[in-house]
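Asks: Shown below is the structure under consideration.
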Amino acid sequence: MASFHALIPWNPLFRPNSTPTTTNRNITTIFNFNNGIGIHSFSCKIHGGCRFYWNYGKSFDLFAPSSSSNGNRLEAAAVAAADKEYEDEEFIVVNFYRFVLVKDPEEELSKHLLFMKDRNIHGRIYLNEQGINAQYSGPSKDALAYVEWVKEDPKFSDILVQISPAINGHAFPKLKLRYKPSLVQLEEGISHLPLLDPSMRATPLTPSEWRSKLEEANKIENSLDTSNSNFVLLDVRNGYEWDVGHFKGAHRPDVDCFRSTSFGLSETETEVRPSDPLADADKEKTDVLMYCTGGIRCDVYSTILRQQGFKRLYTLKGGVSHYLENEGPVGWEGNLFVFDSRLSLPPSTYKPEAGSQQQVSHSFAKCYICSSQVSELRHRNCANLDCNLLFLCCSECVDGLRGCCCVKCTGASRLRPVLPGYQRYQKWHTYRDVELQSR
């Protein structure tokens, strides 16, 4: 692992992003240092040296040479540690986004491509005039190096980074690092939306604030007096994502592609959609709480609802993944769908200590074919490659229809074999070649 050096300002009267327990420079001091990714605690004697650990498990050596011309600075050098949480070659998945003005996205793209050279990173990283949207996997060494490099740019310095373990090497087949007109796909595009104006987006709630808001709303809903019940919990994802996990009380989205989402747009349509939970909402008084996986879809859609006149809009900062990491599965049912080869992650992925404390129910999850309860919260793609429907399925129906979603698909010319786990997502030529070799 390459060393990382940083100069940390230290002054007994002024300590940005740190909270020492004492102002005496000659005795052991505890600091909480926030570099934008996490809060890192360490202790040291100012004129001695120390080692501290941060939440990725890396260790740092600190030195404060008395001969330095800047006596109020500590030099931190990152070194490899035997007990770090992520080994250099252990694969992780990283997600972040940021809406910010990028004056020359092509030049920005060139810099990112150059940095990626010879680094083992796979995923989807999109840039345009409105910012960046990144989901990628790689060995810890490479994946975290890219995050740190991105954050060196002032316009990206405050990105909220989500990190989770990969299961079986890369979670993405290859790297797509390119300019994309829309960081999120909507039918009308998003380039015309005021995404760079924070006042046009919903108010972000921290995980703890979100939890409090939900608990308060649930108390009102469960009370005999519902006169103050002006509250809508909006799942701004796809229906198949809801099928494996959601917040209690959230309506199932009626779309299987976010780009066609139309919550709150009933006034612009000739016919009010009965499935729209915002159809009869009071735009002045209704609290609309919106959530998605990582937060970006809510940020985008909240600007649309703001333009429609909704005043009290709130989003879950960092999305469900950030919530599960901080609050655990409180108020959450099932698993979290993710758009990579892992497909479905239990809450314990984000907060392991909470997994043993609370049993996560998934009685709501039903087989797409026979409606029986499924034992595994993990989608399948229809074995007919020309259908490829994403659906939940019980083991009996998997066997009975050979991995297909319906009887018609079982007669298709291009069928995947029914294979376990990640094998079922290989390319068609792999299945074809295996079949030819077996003849």
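Asks: Run the quick spin-label model on R402 and V330: label points 7 Å from Cα toward the beta carbon, then report their separation in nm to one decimal.
Replies: 5.0 nm
Asks: Can you tell me the FRET efficiency between N120 and K180 if r is taken as the Cβ-Cβ distance and R0 is 35 Å, rounded to the nearest 0.05? Provide the component values of the computation, followed by the final result.
Replies: On the way: r = 23 Å, r/R0 = 0.65.
Once rounded, the FRET efficiency stands at 0.95.
Asks: How about K103: which lysines have a C-alpha closer than 16 Å to its C-alpha, ignoring those fewer than 8 places off in the same chain?
Replies: Filter leaves K111, K155, K180.
Asks: Please work out whether the stretch 130-209 counts as rounded, prolate or oblate from its C-alpha gyration tensor, where a ≥ b ≥ c are the square roots of the eigenvalues and a/c under 1.5 means rounded, while otherwise a/b larger than b/c means prolate and anything else oblate? If you can, show how the numbers build up before the last one.
Replies: Working: a/c = 1.78, a/b = 1.42, b/c = 1.25.
It is prolate, given that a/c is not under 1.5 and a/b is the larger ratio.
Asks: When you count, for each residue, the other Cβ atoms within 10 Å and take the mean per peptide, how do 230-238, 365-373 rank with the highest first?
Replies: Values: 230-238: 22.6, 365-373: 15.3.
Most protected by this proxy first, the peptides run 230-238, 365-373.
Asks: Give the accessible surface of the stretch 127-256 per residue, rounded to a whole number of Å², with probe radius 1.4 Å and ligands, DNA and RNA excluded.
Replies: Details: 5950 Å² over 130 residues.
Each residue of the stretch 127-256 exposes 46 Å² on average to a 1.4 Å probe.
Asks: Right, next: Once label points are set 7 Å from the Cα along Cα→Cβ at both S110 and E129, what is their separation, rounded to one decimal in nm?
Replies: 2.0 nm
Asks: Using packing as a proxy for protection, rank 336-343, 110-117, 255-262 so that the peptide with the highest average count of other Cβ atoms within 10 Å comes first. Display every interim value, and only then the final one.
Replies: Details: 336-343: 20.8, 110-117: 12.6, 255-262: 15.4.
By packing density, highest mean first, the sequence is 336-343, 255-262, 110-117.
The values are calculated or read from the model by the stated rules, or taken from the named source; none is laboratory data. Everything quoted here is computed from the prediction, not taken from an experiment. A quick note on method: Cβ atoms are made from the backbone with ideal geometry, for glycine too, and the neighbour counts reach across all protein chains shown. Please note that ligands, DNA and RNA were not included when accessible areas were found on the heavy atoms of the full protein model with its side chains. Shrake-Rupley method; radii C 1.70, N 1.55, O 1.52, S 1.80 Å.
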